[in-house]
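Asker: Below are the C-alpha cells for one structure; questions will follow.
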Amino acid sequence: MIQEELAILLARNLSGEATNEEKLSLEEWVKEHPEDQLFIELLINYWNDKTEISDGVPHDELFRRIMASAEKDNTVTGKFEVKRHERFKSLKWLAAAAFIGILTMGIWLILPPTSSPVQPQIQEIVAAKGEKSQIVLPDGTKVWLNGDSKLFYESDFKGASREVKLEGEAFFDVVKDPSKPFIVHAATIDIKVLGTSFNVKAYEEESVETTLYRGLVNITKSDDDSFKPIILYPNQKVIVPRRIVAKQPADDEIAPRHATVDIRKSVIVQQIDSAIAEPGRIETAWMYNRLEFRGEDFETLAAKLERWYNVKIVFEDENVKKLNFNGSFEKENVSQALRALSTANSFNYKIHSNEIFISSKK
Amino acid sequence: MEQNVNVNKIDFSRWQREIAFGDDNAFRKLFDHFAERLTNFSFSITRNKEIAEEITSEVFVKVWKNREKIQEINNLNTYLYKAAKNTSLNYLSRKFHEVNTDPFDFVNIQLSTNESPEQHLISNEIFKKISDAVESLPPKCKIIFKLVREDGLKYQDVAEILNISINTVDAQMVIAIKKISEKVKLSFDTFPLKVARKR
C-alpha cells in the first residue's frame, strides 16, 4: 500500500480538485520517490483511459418512448367538453339570433403561396373588412387573417430567421424549425416563437394582444432594449397597452427615467381558461366564424362590428358608448345583430347603407 | 466512439434555455449526454437493468413535461442524478417494504462494465487488475470513485447527490486510491508487469 500522503495527492490531482500547491507536491513526490513512479504512472493512465465507459451511444428507442410518454398528456384540444354557447342561453337576444339558412359574413380565401422569384420579394396578404383570409407560408406555417388585416412576408424564408409583419389580427400555426426562429412584428412588438400556435391582435389605435395556445413565445419591444422580454407559456395571454406599443418619444428628456418601470407593470399577462376547447375560445372565435364579446363596452364592440361586417359606426352621444355587452354572433347579418344587441341593452340605431348611427334611448 | 466529455466543462444553461422553448433537439442532446450515466447510476442502486432504464426514462419524461421551468434549475447535472437516485430509492422501498437509508451498503454491486477488448494506454492485463480492484471497493467508496472518474463529477456535486459531506467524498477517494494500490502492488509481487508505453 502506498503512503497516505501520496494517496491524498493522487486522489486530489486525478479528480481535478487539487490546489496549485497540491499539483506541485505531486510532481515533487515523483522526483523524490522513484519507487512509486510506476504505480503513479499506471494509475494516471488508467484514470485517463475512458475507453470502457460507453458514451454517446444512441438510444433511439428509449428516446422515442420518452417523447411519446411526455407528449401524451400535453394535448390541449380535443379532450375537454365544449361549452360553447351554454353561458349565453339565458340571454333573450339569443332567440333573435337563431336564424337558419342565412349565410354568415366573411369569406374564406385560400391563397397558395406565390412562386418564389430569384430575389425574395415581400408578399402582402390582405383581408378586407368583413373578410377573412387563410394562407400557407413558404415553410408550411398556416396563417388565418381576420378582417381588416394585412400580413407581409418574404416569398421564401431564406434568411437566418422567418419573419413576418402583421397589421390587424391573425392566428398562426407555426411549423417547428429550431434552426430558424419565427418572428412576428406587430407594431413595435416582436414575437419570437418556436413551433407554436398563437393569436396576435394588433389593430391600429388599440392594444396589442397575443394569446398563446401551444409552445412558447418570447415577446420583446423592437424600439426599446430596456424592455425586459416577456415569455408566454401555453394558455396565457399578454396585452400590451397602446401607449406602450406606440413608438417612444425621440427626445429622452421627455420620457422620465421611471417610465420604463411603469411600462413593465402596465403590460398584462393573463391566464386563459384552458378548459374551454379551442373552438370555444373567445380570442380565436373569429376563426370559427363567430364574433364573441364579453363584458365589452359599446365602443370596443363597435370596432369589432366594423371589421366583422364592414360597416362604419357613429356614436351620437357619449352615454351610449358606455353600455356593456356579452354575446356572440355567428350567422346574423348586421341588422339582426343590432336588433339583438338593442334587446339586451336599449338604444336607438339607424342604418344608412353601410353606416350605422347609434344613440341613447330617450 | 465519442470521447467521454467531462460534464463540468459543458455549460448546460444554453440547452436549458432551448429546452424551455420546446426545442426537442436540445432535449435529445441532453438525453444523449446523460442517459447512459444515469442508467448506470440507477443500476448501482436497483441492481436491475430494465428498472434502471425505466427510471432514466421517468426522469427524462418529467424533465420534458416540465420543460418550461427547466431554467429554474441551478445545477442540472446534480439535479438529474438526484432525480435518478430518488426514483431508484422509491423503487427499492416499494419493492422491499423497508426504507433503505443507505442503499450503497450492498456487498456486491455490479455496475455495467463494457468488456470490449479495446486498446488501452496501459496493458490489458494491468488495466483489468485495476478495474477489478475498483469493482471490489466497498459500496460507498466505489460509487464515489465511479462518479468522480467515469462521470467526471466534482466533489461538491457528488456530495450533493449522495447527501454526504465533501470531506467524506474526499476521504473515500483517498481510501479508493489506497485500496487500488494494495491490489496492484500485490500483482507487482506475483506477476512480472508488461507496461505498454504509449507516447
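The values are calculated or read from the model by the stated rules, or taken from the named source; none is laboratory data. All values reported here derive from a predicted model rather than from experimental measurement. Positions of Cβ are backbone-derived with ideal geometry, glycine not excepted, and every protein chain shown enters the neighbour counts.
Asker: So which helices (runs of 4 or more DSSP H) stay within the range A:237-321 end to end and still have 3 or more residues that are over 23 Å from A:SER149 (Cα atoms), modelled with pLDDT under 60 and of a type outside the set (Ser, Thr, Tyr)?
Answerer: Output list reads A:259-266.
Asker: Now for a separate question. Quickly run through the range A:170-212 and pick out the residues that are part of a loop (DSSP other than H, G, I, E, B), buried (at least 24 other Cβ atoms within 10 Å of the Cβ) and not hydrophobic (A, V, I, L, M, F, W, C).
Answerer: Selection gives nothing.
Asker: Next up: Scan the range A:24-47 for residues that are surrounded by 13 or more Cβ atoms within 10 Å (Cβ to Cβ) and either farther than 30 Å from B:ARG37 by Cβ or in contact with a Leu (Cβ under 9 Å, 6 or more places away or on another chain) (or both) and report the count.
Answerer: Residues flagged as surrounded by 13 or more Cβ atoms within 10 Å (Cβ to Cβ) and either farther than 30 Å from B:ARG37 by Cβ or in contact with a Leu (Cβ under 9 Å, 6 or more places away or on another chain) (or both) within the range A:24-47 amount to 15.
Asker: Where the second residue is part of a loop (DSSP other than H, G, I, E, B) and the first is without any contact (Cβ under 8 Å) to a residue 40 or more places away in the chain and lies in the range B:73-98, which pairs have Cβ atoms under 6 Å and are six or more apart or on separate chains?
Answerer: B:TYR79/B:ILE73; B:SER93/B:VAL99
Asker: In the range B:28-55, what residues are at the interface with chain A (Cβ under 9 Å from one of its Cβ atoms) and over 13 Å from the mean Cα position of the chain (by Cα)?
Answerer: Result: B:ARG28, B:PHE31, B:ASP32, B:GLU53.
Asker: Every residue in the range A:9-38 that is within 11 Å of chain B (Cβ to nearest Cβ), touching a residue at least 12 places away in the same chain (Cβ under 8 Å) and out of contact with any Lys or Arg (no Cβ under 7 Å at 6 or more places or on another chain), please.
Answerer: Scanning the range A:9-38 gives A:LEU9, A:LEU10, A:LEU14, A:ASP36.
Asker: Select, from A:LEU109, A:LEU94, the only residue that is farther than 30 Å from A:SER342 by Cβ, outside any loop (DSSP other than H, G, I, E, B) and at pLDDT below 50. Outline the logic, then answer.
Answerer: Numbers: A:LEU94 fails: farther than 30 Å from A:SER342 by Cβ.
It is A:LEU109.
Let's see how each residue does on (1) loosely packed, with under 13 Cβ neighbours inside 10 Å; (2) under 28 Å from B:ASN48 (Cβ atoms); (3) at pLDDT 65 or above:
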| site | (1), (2), (3) |
| --- | --- |
| B:HIS120 | no, no, no |
| B:SER123 | no, no, yes |
| B:VAL148 | no, yes, yes |
| B:GLY152 | no, yes, yes |
| B:GLN156 | no, no, yes |
| B:ILE166 | no, no, yes |
| B:GLN172 | no, yes, yes |
| B:ALA176 | no, yes, yes |
| B:ARG199 | yes, no, no |
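Asker: Additional query: Take B:SER93 and tell me if it is surrounded by 15 or more Cβ atoms within 10 Å (Cβ to Cβ) and in a helix (DSSP H, G or I).
Answerer: Working: surrounded by 15 or more Cβ atoms within 10 Å (Cβ to Cβ): no; in a helix (DSSP H, G or I): yes.
No; evaluated as a whole, the condition is false for this residue.
Asker: Out of the residues in the range A:213-227 meeting the condition of being under 19 Å from B:ARG17 (Cα atoms) and modelled with pLDDT of 70 or more, tell me which one is surrounded by the most Cβ atoms within 10 Å (Cβ to Cβ).
Answerer: A:VAL217
Asker: Scanning for something assigned to a helix (DSSP H, G or I), modelled with pLDDT of 85 or more and either over 55 Å from the mean Cα position of the chain (by Cα) or small (Gly, Ala, Ser) (or both), does the range A:43-55 turn up at least one residue?
Answerer: Yes.
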